[in-house]
Structure formats: C-alpha cells, structure tokens
Amino acid sequence: MNTLDLLTPLGALFGLLPEVIITITACIVFLVAGWRGSTPAGSRLAGWISLAGIVLSGVALSYLWLGGFSPSGIAHMVALDPFRYASLGILLIVVGLTIGISLGYMERERLLAPEYYGLILLAAVGMMLLAGAVDFIVLFLGLEVMSVAAYVLVAFDRRSPASAEAGLKYFLIGAFASAFLLYGIALLYGATGTTNIILVGVQLSSGTASLLSALGVGMLLIGFAFKVAAVPFHMWAPDVYDGAPTPVTGLMATGIKAAAFLALIRVLMQGLAPVEALWQPVISTLAILTMVIGNLVALSQRSIKRMLAYSSIAHAGYLLVAVWPGSRLGAAALLMYLLAYGITTLAAFGILAMLGRGGERDVTVDDIAGLASQRPWMAFAMAICMLSLLGFPGTFGFIAKWLVLSSAVFEGQWLLMVVMVLASVVSAGYYLPVIMAMYMRDAEPGVTYSGVTVWGAAAGVVAVAIVGIILLGLWPPDLIDLSMESAAALFQRSMPVAIQ
Amino acid sequence: MTVVQIVFYVFAVAAVIGAIMCITQRNPIASAFWLVSVLMSLAGVFVLLQAQFIGVMQVLVYAGAIMVLFLFVIMLLDLGGKTSDRRGAPSWVLAVVVGGAITVSMAQLADYTPDQLAHEISGSTELNADVVLLEGQRLQEAIEARGVVGAIAEPLFGFYLIPFQITGLLLLTAVVGAVVLAKRRI
C-alpha cells in the first residue's frame, strides 16, 4: 500500500497525474492550433494528439490504481481511492470515444479549428476533478472548468443558429445552476466550518440536522439536478442537445452527466450520509418524475437526435434510483450503469453522426427505413445500441439496469422499482420503432443512403463499443466485482484528524 | 454603541441601499455605478473585520478593474440609452410574494444574539475545533506571526495549492473559449 501526501507539491503532482497529463496535452493541442491553423491536417493532428493524451492518462491512472495509492492521513482536496480511479476510468473511456467520433465529423462539417480538441480535453480535466473531488472548492472549480469548456463546445458550430442558441441557453442556465450549487456549498460551510466533504460528514454526524445545513443540502441538490437534467430541472436539455454538434451532444449526455453523478454520489455518501433523511425523499421524487416525464415525452419525438436527448433525461432518472439507497450496491450499480449507458449512447450518437449532415437535427425515424438492406452492419450496430438502452437481456444495458433495480429492492424501495420497470416498458415504445424502421420497412423509393459517410475512427469507436456491449452483457461478473470493490471505498469511515 | 459599531452600520446601510438601487435602476450605467458603491462599502466592512488586505483588494480588483470592464462593455454595446419595458405586473407580484416570504422568515431571527444564532443554525453546540480551518485565535496568531498578507498567502500557496492551480486552468479555458467564439473563421 503506497501513500501520497497531497500537501506536498510532488505528492499533488503524482496524485493528479492523469489530470496533469490531459492538461499538458490540451496545451500542446493549442500550440498545434497556433502552428497549423484551421486546416484539415491541423484538425486531424490535434485529434490524434488528444487521443494519445487520453491513452497516456489511462496509463498513469492504471499506475495509480494498481499501485493502490492512498492518502496519508485524511483525503485532501482530491480523493485517492478506488472509487475515484474507477470514475476516472469511465470518464477517460467516454472522452476517448467522443474524440474518435469527432475525428471525421469535424472535417465533414467544416469545423476545422483544432481548439475543439483542446476544449474537449479541458472539459475532460474538469470532469475528472469534479468526479474525484473531496473538497467542495475543488468540486466547484472542476464543475466550472467542465461547464465553461462545454458552453463553448455547444456553440462551436457558429454558422448554425441552432448551435448558437443552444450555447446561449446552456450558458445562462448553467451559470444559474452554478450559483445554486455555490450557495449550497457556502451554507454548508457556514453550518460545519469546513469545505472538506469527509469532515462535513464528521461535523454533521455530531449534531442534529440544522436549518442551515438543510438549506445547504437543498441548494446543492438543485444545482446537481440542473447539471444532470433531472425533471423538473430539465427544460434546457432537449434544445441544447439538439443544437450542439453531435459528438458534443454525445459528450454532454455521457461524460458531463457521469461526472455530475459521480460527484453527487460522493457528496451524498461521504459528506451528507448523516442527514440521509433530508435528501432521500428529494432524490426519490426527482427519480420518479424524471423517469415518468422523460420517457413519456420521448415517445412523441420523431427526430432521432431529440429522441436520444429525452432518452438521456429518462436515464438520469434510472441513475437517481441507484443514488437513492446510499448503499455500496447502489454505488457499484451507478458505476456499471454509467459505463453501460456511456458507451451505448456514444455508439448511437456515432452512428447518427454518420447518417446525417448539417448537425443531424432532421434525421427522423422515417429517414432510416430500410437501412438494414443497404447498410447491414450499421443497422445491426444501431439495433444493438437501442436494445442495450432498453435493457434487453444479453446486452450490457440489461446487466446495469438489473443491478440498479436490485440496489433499490435490497433497501425495500418497491415504489421506485415498480416505476422503473414500467418506465422501461414505456421506453420500448420509442427504442423499438427505430429497429422496426431499419429492418421491417422498405426504403423510400430513390433513397440509396449515398449521403452516409463512414470514416475509420468513428467506425472503430462504434465497433469497439458494440463488442463491449455484447461481451460485457454476456460475461459481466469480473466487472461487477471490480465495481463493488471500488464502491467500498466510499463507505470507509475515517476518523477526524487535525489539519493545519 | 461603540465607534466600530457605528462605522459598521454606516457601511452596512450604504451597502444595502446601493444594492437596492443597483437592481432598480433602469439605466445600466447608473446600475454599474451603484454597484461600485456597494463594493466600496463592503471593503469598509472587511477593514472593520481586520481583513485589511482583502479590503484593499476589493477596491483595487472589483471596484477598480472589473467595474471599468463592466462600463466598457456597456458602452461598447451601447446599452445606455435603451430601457427595458418587460417588467409587467406578474413579475412584481411574484417579487413581492417571494420577498415577503423571505422577510417574514428572517424576522424570526430578530431577537437572537450572534452566538445563539451561530450555535443554533450550525446544529452542534460547539464546532469541533480539530476539523475546522483557521479562525479566531489561530487566525490572530497567524496574522501576528506573518502579517496580514502572509496569513493569506501561506494557506493559498500551501494548503489550497491544488484549487489555486485549478483556478488558473479555469481562466485558461475561459480565454481559449472566448477566442474560439470570437474568431473570424472556424
């Protein structure tokens, strides 16, 4: 067991090595942007450098994870525990897949500025800091780094009014949500005298829940609910997901949501566990509303991109079910679900990016009728994605959904379980028509899908994701064990120690 | 009432009046100037709290640099002449209801002493001195040993080194983002 002291510069450098590597890669990408300018070659070079940075960061992460590094004394600013390492692993996979999809997409859409990849990497650093923070200051700063990069990425296609509108909407709502979160943090600091999440937990367990801490918890939950687009704080999500360039939509629906959920569960398990009675009713209400409304509204969508946007709102509801029990199984289920949902959704957005042009806002279910006869592999991949999102047995999505359900059942929460099963049944009403259109209908006369462009990187991303969905759906035990082990780290109660 | 208290009330009332004027003015430039007066009054409160360094920084950075930027932006965008007419009756009703509810709930705090308030809202009878950060006596000692600036610098570049670095990263992200959005060609 190795220990690192994050208070020393060297310890901080090692403890944050994955984040530091990505930051340096982002700076190199900005140099490429200055050197090559907005050319196809420059954009491609920046993309491959970013992928290399992600891989290198993954190597550093596995060094930390396999070395079993832990903090000397109490965790300081950033956690050094298997849960953080697992979180970073999920985020790196998601960001890597996003960059893969972007590689040909940005060229096709003539969005050649290499800064795109640098901003994706900076957003990745923000996500990693957000997911790994054990201090509210780092949590907030990570959230802001992630959000500021995301505002720009959403509005990246400046020529499209929809993209610019989405960027402005996301910026205004995002700033509003950050203010709520910050106010919550300030109130919790006022109630406990510390910003360290573990020490907040120690303070809260020594007294009864007070007015100040209750207000703080409420504000914090509102801020998080905005960020994960839980109903009733979801109004911005469909327009923003719809208007953003498709790879960015993929990143927002997976990476940004995942980072916010990972931070939420750490705050709730490590900091706010003593005041469980305050937040559990809120989480269960949000979960039920999100599952019901997300799924019902998704039913009426014709555009596939918009349908996927509402489906991602519905999935936030399932994820909240995993957060509710506050148990080790719930945390493990959350990790599994984020991975399953992340790779499946990104594969679906990757296929959508290949199908359409000009932001893919107008690709409807009718437009892919008969795809299976013309492009059998693409149709097969899309069908696997839809089945996995639906939670069909044999796919990774099923395993993850089953874990989430059992985490709720073990705590005797039958209402959440029933709503979740019913919501999944409803979701078949919008996932299956996509498969039916591709396999059971003939293409419109004259449609040859000649506009479909397949580029190597995105095809590779989709292939890897599909293989992952099937393999992990058929043989999940190793991964379940790993996520249970990682989740255990959230429940080790540490004793308070003096800090200088 | 001591001199310090009198001075505090002068600054506090000035800050509250400035804040109300800032959000009720129709002309954005007038709002910006009222905001300057709020920030100046707050600087005075910081000095009363023995935080001279933060008070000076408040004047230099907020009341100085950032307000000049605000004024530049307002004047460049030429917002000065136009006023918004979108404040209809419904928003006033909503504001009165919400504001009234908050005022009523805060009125309950009227007969509390500061100590009582601190203990009651923080839930525990006493803050655990081992887990909270520098405050009170220990802060006084730090100021005596290293001066006002030193007492801020040491935690900033030591204990809070990681957040300090991330702040730099945040500024980098914002600068790159602004340049990308403002570029002639992407």
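The values are calculated or read from the model by the stated rules, or taken from the named source; none is laboratory data. Bear in mind the structure is a predicted one, so any value in this text is a computation, not a measurement. Here the Cβ positions follow ideal geometry from the backbone for every residue, glycine too, while neighbour counts run over all protein chains shown.
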When you look at A:Val267, is it at pLDDT below 90 and away from chain B (no Cβ under 14 Å), yes or no?
no
Any residue at all in the range A:70-77 that's of a type outside the set (Gly, Ala, Ser), on the phi < 0 side of the Ramachandran plot, more than 19 Å from the chain's Cα centre (by Cα) and assigned to a loop (DSSP other than H, G, I, E, B)?
yes
Taking the residues in the range B:156-165 that are surrounded by 15 or more Cβ atoms within 10 Å (Cβ to Cβ) and under 21 Å from the mean Cα position of the chain (by Cα) as candidates, determine which candidate is nearest to the other protein chains (Cβ to nearest Cβ).
B:Pro163
Of all residues being closer than 22 Å to A:Tyr189 by Cα and facing chain B (nearest Cβ under 10 Å) in the range A:115-135, which is modelled with the highest pLDDT? Just the residue, please.
A:Leu129
Of the residues in the range A:65-108, those that are of a type in the set (Asp, Glu) and away from chain B (no Cβ under 14 Å) number 1
Could you list all residues from the range A:344-369 that are of a type in the set (A, V, I, L, M), within 17 Å of A:Tyr310 (Cα to Cα) and assigned to a helix (DSSP H, G or I)?
A:Leu346, A:Ala347, A:Ala348, A:Leu352, A:Val365
Per the filter on the range B:53-75, residues farther than 21 Å from B:Ser31 by Cβ and among the aromatic types (Phe, Trp, Tyr) are B:Phe53
Only one residue in A:Ile197, A:Ile185, A:Ile173 is touching a Lys or Arg at 6+ places or on another chain (Cβ under 8 Å) and β-branched (Val, Ile, Thr). Which one?
A:Ile197
Looking at A:Leu199, A:Leu215, A:Leu251, can you tell me which residue is crowded, with 24+ Cβ neighbours inside 10 Å and more than 19 Å from A:Tyr310 (Cβ to Cβ)?
A:Leu199
Considering only the range A:417-441, how many residues are farther than 20 Å from A:Ile351 by Cα and either in contact with a Pro (Cβ under 6 Å, 6 or more places away or on another chain) or surrounded by fewer than 16 Cβ atoms within 10 Å (Cβ to Cβ) (or both)?
5
Qualifying residue in the range A:141-152 (condition: assigned to a loop (DSSP other than H, G, I, E, B) and either over 21 Å from A:Leu319 (Cα atoms) or touching a helix residue (DSSP H, G or I) at 6+ places or on another chain (Cβ under 7 Å) (or both)):
no
Closer than 24 Å to B:Gly147 by Cβ and either hydrophobic (A, V, I, L, M, F, W, C) or not in a helix (DSSP H, G or I) (or both): is that true of B:Leu35 in this structure?
no
Okay, helices (runs of 4 or more DSSP H) sitting entirely in the range A:153-243 with 3 or more residues that are in contact with a helix residue (DSSP H, G or I) (Cβ under 6 Å, 6 or more places away or on another chain), more than 8 Å from chain B (Cβ to nearest Cβ) and under 14 Å from A:Gly271 (Cα atoms), I get A:161-192, A:197-206, A:211-228
What number of residues in the range B:12-32 are in a loop (DSSP other than H, G, I, E, B), surrounded by 15 or more Cβ atoms within 10 Å (Cβ to Cβ) and touching a residue at least 40 places away in the same chain (Cβ under 8 Å)?
0
